[in-house]
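Colleague: Before I ask anything, let me first share the structure, which is written out below as structure tokens.
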Amino acid sequence: MITMNRRDQAVAALDHLAELPERPPLVVVDQGSVDGTAAAVTERHPAATVLALRGNHGAAGRNIGVAVATSPYVAFSDDDSWWEPGALDLAAEILDAHPQVGLVAARVLVGADGRDDPVNACMEASPLEPVPGVPLPRVLGFLACGAVVRRAAFLAVGGFDPAFQVGGEEELLALDLDAAGHRSVYAAEVRARHHPSPRAGDNGARARRQARNLVWVPWLRLPAGQAAAASCRFIRSAWRDPVARGGLLDAARGWGSVRRRRRVVPPETQAAWRCVRTAHGQDG
């Protein structure tokens, strides 16, 4: 779990996780909280490993947690999410049975009424050919609060990109895992709960980061022609949206770093990315 300045929410989510029949070891990465989160978690859950960082590493805080974990598989939670009883055992069974799978994406249920996150339907209807021998939809994206990863595969590809912070950070990791031969699959019977609450001081910052990251991903991992075409489509669709325009400006400001870190994925992963984009009406 990564958290920052959400003491009560983090403790409540950990209460749910501590009650799971699987009794998973808990690793909490506190990203520079000033509200006493680390102390409160330690007091309430003394068995948890609490890593109190000095600053906010965003999604890359998960990398730090995975690095200190000792289990072969790691399940992510946010400070407003948790797993249903039995979900982690099911995910582990899938990973045990299929070594070519590097990530299991769960069905994420939102709020007290347990409504499906819209991403669930997209993953269920994935247009990708299934992984041979795996009777589950192959996907090229996921929700971080509903993902179980093979620890060795995650570490081998470098985890979440530190520059992405939080907001659309999953797509790049999904591409990197796929490029390395670690497929991602969607398992609807593996369920996570998400009870999002307003985050003070956000003011659209997350949506702006999501827009920026959406532009960055093709430039980081796809051939220049595909990346340019994706950027043109984004500009046409988002130009009238001030938040999206801000994200586009941020993407341009970070161009130097993106150019230095470009690493084009293999043709098979490129084709999978185009297939998913086309299925979602984004013209690959």
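Colleague: Suppose we filter Ala59, Ala52, Ala92, Ala48 for residues that are buried (at least 20 other Cβ atoms within 10 Å of the Cβ), at pLDDT 95 or above and either in contact with a strand residue (DSSP E or B) (Cβ under 9 Å, 6 or more places away or on another chain) or among the basic types (Lys, Arg) (or both); which single one remains?
Modeller: On inspection, the qualifying residue turns out to be Ala59.
Colleague: Looking only at helices (runs of 4 or more DSSP H) that fall completely inside segment 204-284, which ones have 1 or more residues that are within 25 Å of Ser126 (Cα to Cα)?
Modeller: 205-221, 224-238, 267-279
Colleague: OK, next. Quick one: in segment 24-45, of everything that is in contact with a helix residue (DSSP H, G or I) (Cβ under 8 Å, 6 or more places away or on another chain) and assigned to a helix (DSSP H, G or I), which residue is surrounded by the fewest Cβ atoms within 10 Å (Cβ to Cβ)?
Modeller: Top of the filtered list is Arg44.
Colleague: Considering only residues that are of a type outside the set (S, T, N, Q), surrounded by 15 or more Cβ atoms within 10 Å (Cβ to Cβ) and more than 23 Å from Val149 (Cα to Cα), which ones fall in segment 1-22?
Modeller: Passing the criteria: Arg6, Arg7, Val11, Ala12.
Colleague: List every residue pair whose Cβ atoms sit under 8 Å apart, with the two residues 6 or more apart in sequence or on different chains, where the first one lies in segment 112-137 and is under 17 Å from Gly181 (Cα atoms) and the second, anywhere, is among the aromatic types (Phe, Trp, Tyr).
Modeller: Leu136/Tyr186; Pro137/Tyr186
Colleague: Checking the structure you have, find out if any residue of segment 69-89 is hydrophobic (A, V, I, L, M, F, W, C) and in contact with a His (Cβ under 6 Å, 6 or more places away or on another chain).
Modeller: yes
Colleague: How about segment 235-283: which of its residues are buried (at least 17 other Cβ atoms within 10 Å of the Cβ), within 17 Å of Leu140 (Cβ to Cβ) and modelled with pLDDT under 95?
Modeller: The one that is buried (at least 17 other Cβ atoms within 10 Å of the Cβ), within 17 Å of Leu140 (Cβ to Cβ) and modelled with pLDDT under 95: Arg277.
Colleague: Next question. Quick one: which of Arg236, Arg193, Arg183, Arg209 is under 23 Å from Val258 (Cβ atoms), of a type outside the set (Val, Ile, Thr) and under 17 Å from the mean Cα position of the chain (by Cα)?
Modeller: Just one listed residue meets the conditions, Arg209.
Colleague: When segment 95-131 is examined, which residues are found to be more than 19 Å from the chain's Cα centre (by Cα) and closer than 21 Å to Phe154 by Cβ?
Modeller: Across segment 95-131, the qualifying residues are Asp96, Ala97, His98, Pro99, Gln100, Leu128, Val131.
Colleague: Let me ask another. Return the residues of segment 161-173 that are out of contact with any His (no Cβ under 9 Å at 6 or more places or on another chain) and either closer than 16 Å to Val101 by Cα or not in a helix (DSSP H, G or I) (or both); say none if nothing qualifies.
Modeller: Asp161, Val166, Gly167, Gly168, Glu169, Leu173
Colleague: Another question, if that's okay. Name the residue, out of Val119, Val66, Val101, that is assigned by TED's automatic domain parsing to the domain that holds Leu143, closer than 19 Å to Val139 by Cβ and touching a helix residue (DSSP H, G or I) at 6+ places or on another chain (Cβ under 7 Å).
Modeller: Among Val119, Val66, Val101, only Val101 is assigned by TED's automatic domain parsing to the domain that holds Leu143, closer than 19 Å to Val139 by Cβ and touching a helix residue (DSSP H, G or I) at 6+ places or on another chain (Cβ under 7 Å).
Colleague: Okay, next question. Answer yes if at least one residue in segment 183-199 is among the small types (Gly, Ala, Ser), without any contact (Cβ under 8 Å) to a residue 24 or more places away in the chain and outside any strand (DSSP E or B), and no otherwise.
Modeller: no
Colleague: Kindly indicate which of Val66, Val74, Val104 is within 29 Å of Glu171 (Cβ to Cβ), touching a residue at least 40 places away in the same chain (Cβ under 8 Å) and in a helix (DSSP H, G or I).
Modeller: Val66
Colleague: To continue, here is another question. Can you name every residue in segment 239-284 that is of a type in the set (A, V, I, L, M) and in contact (Cβ under 8 Å) with a residue 24 or more places away in the chain?
Modeller: The answer is Val243, Ala244, Leu248, Ala251, Val258, Val264, Val265, Ala272, Val276, Ala279.
The values are calculated or read from the model by the stated rules, or taken from the named source; none is laboratory data. This one's a predicted model, so the numbers in the text were calculated from it and none came from an experiment. Glycine gets a Cβ as well: all are built from the backbone with ideal geometry, and neighbour counts include every protein chain shown.
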